[in-house]
């Protein structure tokens, strides 16, 4: 079933439904992947405290995202194994020119409050998210829609984006600011969820008692203790859940949650503590009850050549890259669970191409030295690799610095900054000299998500002030491509431009792990790195 | 006595004001943007930031911010933290849990510590003395983190005799292990304090007098020597109670206790000034009250210390 989705998606030419429903079955055909295991049962899993109230357009972190993922349905659903998109609420998403999209939605999807999901629920929700004075985190995702800039201004008075229009109860149109060939893939992100009418009356109260159109409905939320959701009887979609009730018990420490799983009091944790990773202790603690999967996490080193002129020569950056023994660091620091990167894009996304970085990402002390010499040597006397000390970065940054120091004889110091706030502030104020840690986790499974938001001119995460005409023009060509295949090939060319300019140094691709109790089965870690709670079953 | 208490209570006002202002200013002075990290790895949009700053009065200069805050505090409103939760309500729940934990830890260290210290002090150099010295040395040298994780693994996960983590209700049974771990370090100090003081007091003139006039050894040690030896111990316990209230972060983390330590820690990390100042204000008041209580206890333990 999964295979067909991809073929359809790739072959889809304009004017054809871009994402024809690949998975068979219509309404009422619940969960195709729950072959094994029974339905029903109640489980308790590890949760963490959401940063904000549970509003889909205002949640960009995993604590709240995990809960919202089972509470909401979006136009498109990502496959738990491969992240390939297939239609969920959408009946079809059609376009002639990659700029004007017509979305038809299925009838019969219900919100938990008993109202039906209609086209206006999407349009109103997106307008609300984009509206500047509402200050929603998800507004970034709306910026592709025409009129988002005006609506998104801090003191905007226009509340509706000109690019959205309701045609009838089950049809609406989207006009994007420029051509965006992969728009349908993006629409599965949480920020694009529809909101029921009750949301707009009192968003504040709604966030403490959210209502969605997903397979689970919200039961209760005790601050810092637990969030409980239970199966929604009237869920009409294909991607239903198996377990009757899920309790997210909130833990502040991954070690405590892990101990509870080992003791059999907690059913699932997706956060294995570092102490249990040493020599893969977790695999013997939880035999046959653990999983690891390559995820979209991509770690790299950022450099801003405008701030630190010592690093303005791409060949110097390339030499540093070749001086990093990625495999050895991965083996010693990450117990071999990460994979050395061979390019700027994670292998889990659609459009990935292997080995873009080539020799520049392979440890070669001789070549690195020669490259540095040819580039005229390192002009400064000291190199720093900054990281935020409130997270687990000390070990790898020091190992990386040692590798650079031993190979190139540049004095490299891993420099901690108190915490992530300080780190980000220094980055956005353009005061960060030297090398700095960076990482990316995808929002939606497309190669574009690793390029545009990070290296595009003026992009939110472009802390490198990277600005290449060639790269930018390839991006906009790709956005207007006839079909996905052509778009991906243009994005791949854009990635090759990165290989020439070497704005950042690729390090490794991540892996997520999960451990669970004897009570649950069918734990699937998605390429987003989260266990899929819909396919999960209780083993009794 | 009454006059003394009133004077002490009045002295608390400037202390509380000064402490909260210092904390407020320090949290405010921390570098970094409170909205950083709220939007994942990417920076928050300008609109989000503006709405956030407006909501929490972050655009005002420091004294005005502090003034607005204190005006609310005086009316009993500790404000809303950055998660939109009522700080007073949350602190109430958390101080209940932490207070319970701290009291139980205090009980552990008081009962076991004083008993062990008394046994050791009565026969200085005897077997009990050496045993207490060695075992307290052992406790002092192991960090709480290690005691916590090791006891959690063996008692909780492996043998299943204690609760692994603490649920929302924080029952006495669930808190047995964490409170013991938390109190273990101070227990060692109390044992040593008691032992040294008792051993010294037993050589004092009044003890010789008591013995000479024919009092039983129990009365001599229990009523006369031990009571006088407890003054430094009570001082220490008073201080320790305050420390336990605010500084149990490590233990709270290991056993997933939703207490005050973790709340303050998270507040500092998120630049959540309102949450931190609220929690610390309560902490300062608790500290002052416990210290007053300790001072009053002196009078009971040693009538020579009078507050009139």
>> Taking only Cα atoms of the stretch B:91-260, what ratio of Rg to Rh do you get with Rh as the Kirkwood inverse-distance radius?
In response: 1.06
>> Can you give the Rg/Rh ratio of chain A, where Rg is from the C-alpha atoms and Rh is the Kirkwood radius?
In response: 0.96
> Based solely on its DSSP helices, what 222 nm [θ] is calculated for the protein assembly as shown when runs of n ≥ 4 H residues each add -39,500 (n - 2.57) and the sum is averaged over all residues, nearest 500 deg cm²/dmol?
Replying inline: -13500 deg cm²/dmol
>> Between 0 and 90 degrees, rounded to the nearest ten: what's the tilt of helix B:127-141 against the longest Cα principal axis of chain B?
In response: 10
> With r defined as the distance between the Cβ atoms of residue A:204 and residue B:7 and R0 fixed at 51 Å, what FRET efficiency is calculated, to the nearest 0.05?
Replying inline: 0.65
> Using 7 Å Cα-to-Cβ label points, what is the residue A:354/residue B:57 separation (nm, one decimal)?
Replying inline: 6.1
>> Quick check: the angle from helix A:62-71's long axis to the longest principal axis of chain A, C-alpha only, nearest 10 degrees?
In response: 30
>> At a threshold of 8 angstrom on Cα-Cα distance, excluding pairs fewer than six apart, so keeping six or more, what relative contact order does chain A reach in percent?
In response: 21
> What spacing in nm lies between the two simple spin-label points modelled at residue A:162 and residue A:457, each 7 Å away from Cα in the Cβ direction?
Replying inline: 2.2
>> With a 10 Å cut-off between alpha carbons and a GNM built on chain B, which of B:165, B:147, B:209 moves the most?
In response: B:209
>> Could you tell me the calculated FRET efficiency between residue A:374 and residue A:100, based on Cβ-Cβ distance and R0 = 60 angstrom, to the nearest 0.05?
In response: 0.75
> Relative contact order for the stretch B:91-260 using alpha-carbon pairs under 8 Å, separation at least 6, rounded to a whole percent?
Replying inline: 38
> Cα gyration tensor of chain B, axes a ≥ b ≥ c as square roots of the eigenvalues: rounded (a/c below 1.5), prolate (a/b > b/c) or oblate?
Replying inline: oblate
>> Between helix A:365-374 and chain A, what is the angle of the helix's C-alpha long axis to the longest principal axis, kept within 0 to 90° and rounded to the nearest 10?
In response: 70
> At what distance in angstrom do the alpha carbon centres of the stretch B:69-98 and the stretch A:314-350 lie from each other?
Replying inline: 46
> Extension gain residue B:215-residue B:138, at 0.36 nm per residue separation less the Cα-Cα distance, in nm?
Replying inline: 24.0 nm
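Each value in this text was obtained by applying a stated rule to the coordinates, not by laboratory testing. Computed from a predicted structure; not experimentally measured. Using ideal geometry, Cβ is built from the backbone for each residue, glycine included, and neighbour counts are taken over all protein chains shown.
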